[in-house]
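Worksheet: the structure to be examined is printed underneath.
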Amino acid sequence: MAAAPSEKLLALITKSFGSFDAFKTKFSDVAAGHFGSGWAWLVQDKASGLLKIVDTHDAVSVLHDSSVKPILVCDVWEHAYYIDYRNARPKYIENWWGLVNWKFAEANATL
């Protein structure tokens, strides 16, 4: 598993969010701030080609939105983290970054 996004994906992240750190902060904030169960997604807007972050509730998926392409997702349902992290969703998200499969994310993106 790649520890960081490739140069091409990093360039798209930077173009879309200003920097990798800005992207990571915004994604983490969306995931941690999501009320209840759901998902935090990195998606690519098919019209502009830019990346954006969205969250969906419960079993709703971005797969039903034909205007975006899913690149990466973080599960923020309690079953994903409660046994290991209890109510510490931000700590779960912090550790989730070490598990991201950047090669898979790049394969999903149109670069």
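The values are calculated or read from the model by the stated rules, or taken from the named source; none is laboratory data. As the structure is a prediction and not an experimental result, all values here were calculated from the model. Here the Cβ positions follow ideal geometry from the backbone for every residue, glycine too, while neighbour counts run over all protein chains shown. These area figures cover heavy atoms from the full protein model, side chains too; ligands, DNA and RNA do not enter into them. Shrake-Rupley method; radii C 1.70, N 1.55, O 1.52, S 1.80 Å.
Summary of computed values
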read-out: Selected residue (criterion: least open to solvent (accessible area, probe 1.4 Å)) from residues of segment 66-95 that are of a type in the set (A, V, I, L, M), at pLDDT 90 or above and under 13 Å from the mean Cα position of the chain (by Cα); value: Ile71
read-out: Residues being of a type outside the set (D, E, K, R) and more than 15 Å from the chain's Cα centre (by Cα) - total across segment 4-14; value: 2
read-out: When residues of segment 15-48 are limited to those that are more than 11 Å from the chain's Cα centre (by Cα), at pLDDT below 95 and open to solvent by less than 70 Å² (accessible area, probe 1.4 Å), the one nearest to Asn108 (Cα to Cα); value: Gly38
read-out: Options Leu12, Leu63: the member that is surrounded by fewer than 16 Cβ atoms within 10 Å (Cβ to Cβ), farther than 25 Å from Lys91 by Cβ and touching a Pro at 6+ places or on another chain (Cβ under 9 Å); value: Leu63
read-out: Residue within segment 50-61 that is part of a helix (DSSP H, G or I) and more than 17 Å from Phe104 (Cβ to Cβ) present; value: no
